[in-house]
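Working notes, beginning with the structure itself.
Just so it is clear, none of the values below were taken in a lab; they were calculated from the coordinates. Small disclaimer: the values here were computed from a predicted structure and weren't measured. As a convention, Cβ positions derive from the backbone with ideal geometry for all residues, glycine included, and neighbour counts pool all protein chains shown.
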Amino acid sequence: MSALLEISNLRVRFALTGPIKARLMGLENRFLDAVLDVSFAVTAGTTFALVGESGSGKSTLGRAIIGLVPTQGGSVRFQGGEPLRQGRAAVTAYRRQVAMMFQDPVASLSPRLTVKSLITEPFVIQGLKRRNLDAEARRLLALVGLPADFVGRYPHQLSGGQARRVGVARALALSPQLIIADEPTAGLDVSVQGEILNLLTRLQRELGLTYVIITHNLAVVRHVSDEMAIMYMGRFLEHGPTQEIFARAAHPYTHGLLAAQPRPDPDKRRDNVELQGEVPSLARRPVGCEFHTRCPRARDLCRAVRPERQTVTPDHSHRCHFPLTAAA
Amino acid sequence: MAADSVLSIEGLSIEFQTPRGPVHALRDVSLAVPRGSIVGIVGESGSGKSTLSLAAMGLLPENATVRGGRILFDGADVLTMGTAQLRALRGRRMAMVFQDPMTSLNPVLSIGAQMTDIQYRERASAAHKRAKAAAMLRRVGIPDPEQRLDNFPHEFSGGMRQRIAIAMGLLGSPELLIADEPTTALDVTLEAQIIHLLRELRREFKGSILFISHNLGLIAELCDHVVVLYAGEVVEQGTVREIFHGPRHPYTEALLVCDPARIDAVSRELPTIPGDVPNLLQVPAACVFAPRCPKVFERCRRERPGDHAVGAAQSARCHLASA
C-alpha cells in the first residue's frame, strides 16, 4: 500500500513580535515553533491519531496539512504531488480531496444557516452550483444517519451529537479521500461518543476513507486508530502502530499519559501522579530534551543534549535517551 | 436520612418556566452527603446535575420554581433561607468550584485582591489576609505564591487557574465543597493532579465534597458514594464499589458498558445507548428510561418504578430491582 499523505520535516512557526521590536527588546528568538520536524505517512484507508495535551501543536499540524497555516519548511505530499506549492487551482482541487472536521461543531456551524445550506456550502464554494443541492443534502443526511426533514433546521435546534453528524456530513460533501477530524468527540457524552465513532468507522468501511484524528482521548485512540503519534511542544516524541505503543510505550511521556487516564474501577485507584507540572511555554523551549522538566527519569544528558529520533522496530520510533523499552 | 449528613436533599423537584411550558428539570431527587465523604453525581448532559448543585448553593436562576422537597444543610433548609442567612453560609460553610475557571475568576482584579476580598468577614489585617491567601495558594501547588498574588487570571495557565479556584473555595475552610465538573477544561495530566489534590485536601481539611462529573473514570477514582442521574431523576445510588461492580439499573449498566476506557478488547464497533434523552417538557409517565431500555417490558411503560433497596447502601429505581 502506498501512502496517501506524506509529511516530511514539517515546521510551522509563528512570529511573536516584529523584527524591530525584537531587536529593541534584545530578544534572541522572536519566533515560536508550533510544529517542529514532524514526519509521518498515512496509508490509504487507515486511521492515524495525533495525541497530545493542549498546546502540543496537534491542531496546528492538522491545519498545516490542509494549508490553513503557512509552513516554514518540510513538505506535505498528497498522492505524490505537493498541492500546497502549486498555486490556487491546485490548492482548491486539493481541498476537494481533503476535508476538515473542526472542533466544537456548534461553534463551527454558522447559526444563521439551515442544515441544508451548511452541508451543501462546499459545493457552492467549489463552484459546483449546477448540482441538485436538495438531492445532495438528502444523500448526505442519509449517509450520516439523520432524518431528511433536518434540512430546514438551524444549529441551535440540534443536540451535540446531531451537530457532530452535520459536521461529518459537511466534511463528506465533496466525497474527499482524507478527513482531518479535530477532536471529533470532545464534549460528547460517552453514549453519543460511541455513535459518532461508529459512524466514522462505518463510513471508512463503505467509502474507503482515510482519517487523521486529532485528540487527547487515549481511550478512543486505542479503539479507532491504526497508527498514532504522541506530540509534545510541536515534536513527535513517539510514533508507531497504536497497539504496539499501548503495549510497549518507549517514551516516559507516553507512559505518563497512559497512566494519567482515569480508570473506571474503584479498586484500581492510583496513589501517585506520575506527570507533575505543566507544558512549558513554547517561547521558552527547554534546552536538551523538551520533556526533561517534567520527566521522572531525567538525567544530566537529557538537560544538555536533545535526543534524536531512534527506532525500536522499523515503524516504531521515539525521541528519548533512556527509553523504557531499553531496560527490558 | 442519616443525621450526620452535612447535606441532605429530600424529594427535591424543580421546574424551569419557559415560553413552551415548564421543563421538569429535577423530579423527586433524594441524596445525602455524609460528613467527611466524597459523593459523586454522574449523568449525561441535561440530566440535571448542574441544577442540583446550583439549588444546593441557593443559586437557582429566576425562572426556576421549587415544586417540592427540602435541601438540608446541617439540618437547616437552604430553600427557605433569606439572603442574609445564605450569605452567612456561602463561602464560609459551603463553597463551590465551577467548571471554567476563566469565567469564574474576575479578569480585571489580581488574584491577591480577589482572595483577600472573599475574606471580608474576618477581623484581620490586610497583611494577614494576604499571607493566608499565599499559604492557601502554596497548598494547592502554586510556586512563588507571594509574588503571584499580584498576577491577573490571564497570566496563569488553565490548570493553575483551577487550582486558584479550589484555593479560593477552601479559604473559608468550608464543611462542604461543591465541585461542578472541575476538570472538564483540563488535560488528563492536569486532571490527574487536580483529582489527587482534592483527595489530599479532603484528608487535611476533613470537609465533604459533592463532585459532579460525566466522567466515570474520575468518579471511580475519587468518590465514596455515587448518585446516577438520568433525565432529572436519581435512577440508582450506592457506594462506589456497588455501582461499578454491581450496577442494578439498566441505565447505569449501559453507561458503564459505553465507556471506552472499560473495554479491554480493542474494537472498532463501540457500544452505545440508542435513542435520545427524553424531552423534559413532557416527561414519560412511567419509567423515564423505558424508551431506551434494553430490558424494557410491559410494566415499565405502565407503572412508575419505586426506589428499591438492592444492597447495603444501594437502591435502584427499576421494576427489575424489586424482585
For region B:86-171, how big is Rg over Rh, using alpha carbon atoms and the Kirkwood form of Rh?
-> 0.93
Segment B:A286-B:D74, extension gain: residue separation times 0.36 nm, minus the distance between their alpha carbons = 72.9 nm
Over the whole of A:216-225, what's the average partner chain Cβ count within 10 Å per residue? Rounded to a whole number, please.
-> 4
Evaluate Rg over Rh across region B:169-319, taking Cα atoms for both radii and Kirkwood's formula for Rh.
-> 1.00
Taking the radius of gyration and the Kirkwood hydrodynamic radius from Cα positions alone, what is the Rg/Rh ratio for region A:90-159, to two decimal places?
-> 0.96
All-pairs Cα distance distribution in region A:119-182, expressed in whole percent, bin size 5 Å = 4, 17, 30, 25, 17, 6, 0
Longest segment of chain A with no GluC sites (Glu not before Pro) in a DSSP loop having at most 13 other Cβ atoms within 10 Å?
-> A:29-307
Under the definition of partner shielding as Cβ atoms of other protein chains within 10 Å of a residue Cβ, what is the mean value for peptide A:194-205?
-> 3
By per-residue mean of other Cβ atoms within 10 Å, what is the highest-first order of B:23-34, B:56-67, A:34-45?
-> B:23-34, A:34-45, B:56-67
In order through region B:199-209: 3J(HN,Hα) via Karplus (6.51 cos²θ - 1.76 cosθ + 1.60), integer Hz, x for Gly, Pro | 5, 5, 5, 4, 5, 6, 8, 6, x, 10, 10
Listing A:I20, B:I142, A:I179, B:I243 from the residue with the fewest other Cβ atoms within 10 Å to the one with the most, what is the order?
-> A:I20, B:I142, A:I179, B:I243
Cβ neighbours within 10 Å from other chains - mean over A:273-281 | 5
Looking only at B:G48, B:G75, B:G207, which one moves most when chain B is put into a Gaussian network model with springs between Cα atoms under 10 Å?
-> B:G75
Lys, Arg +1 and Asp, Glu -1 on Cβ, resulting dipole of region A:43-193 about Cα centre, debye, nearest 20 | 620 debye
Label-to-label distance, nm, for residues given as A:N29 and B:H128 (7 Å Cα→Cβ offset) | 4.8 nm
In degrees, nearest 10, the alpha-carbon axis of helix B:126-139 is tilted away from the dominant principal axis of the alpha carbons of chain B by 50 degrees
So between B:F152 and B:D276, what do we pick up on full extension, going 0.36 nm a residue minus the alpha carbon distance?
-> 40.4 nm
Inter-label distance for A:S75 and B:L86, nm, one decimal - labels placed 7 Å from Cα along Cα-to-Cβ = 6.6 nm
For B:L26, enumerate residues with amide H under 5 Å from its amide H, sequence gap 5+ or separate chain, H modeled in the peptide plane.
-> B:I14
With a Förster distance of 41 angstrom and the Cβ-Cβ distance between A:R202 and B:A113, calculated FRET efficiency to the nearest 0.05 equals 0.15
Roughly how tilted is helix A:190-207, in degrees to the nearest 10 and between 0 and 90, from the longest Cα axis of chain A?
-> 70 degrees
Tail weight of P(r) past 24 Å, computed on alpha-carbon pairs of region A:1-125, percent | 43 percent
Taking Cα atoms only, helix A:87-97 is inclined relative to the longest principal axis of chain A by an angle, in degrees rounded to 10, of 80 degrees
Might you report the magnitude of the Cβ-based charge dipole of chain B about its Cα centre, with Lys and Arg at +1 and Asp and Glu at -1, to the nearest 20 debye?
-> 600 debye
Using only the alpha carbons of region A:148-240, determine the length spanned along each of the three principal axes and report them from longest to shortest in whole angstroms.
-> 46, 27, 23
For chain B, what's the radius of gyration and Dmax over Cα atoms, in angstrom?
-> 20.7, 68
With r defined as the distance between the Cβ atoms of A:S281 and A:R139 and R0 fixed at 56 Å, what FRET efficiency is calculated, to the nearest 0.05?
-> 0.75
Projected onto the charge dipole of the protein assembly as shown (unit charges on the beta-carbon of Lys, Arg, Asp and Glu, signs +1, +1, -1, -1), the Cα from B:V240, B:G11, A:G73 with the largest positive-side position is that of A:G73
What percent does the relative contact order of region B:228-296 come to when contacts are Cα pairs within less than 8 Å and at least six residues apart?
-> 29 percent
Interatomic Cα distance distribution for the protein assembly as shown, bins of 10 angstrom, percent | 3, 14, 23, 25, 20, 12, 3, 0
Can you pull the one-decimal nm distance between simple spin-label points at A:T92 and B:T184, each 7 Å off the Cα toward Cβ?
-> 4.2 nm
How big is D, in µm² s⁻¹, for region B:13-148 by Stokes-Einstein at 20 °C and 1.002 mPa s if Rh is the Kirkwood radius over C-alpha pairs?
-> 121 µm²/s
Quick calc of log₁₀ I(q)/I(0), chain A, Debye, one scatterer on every Cα, no solvent, q values 0.15 1/Å, result -1.29
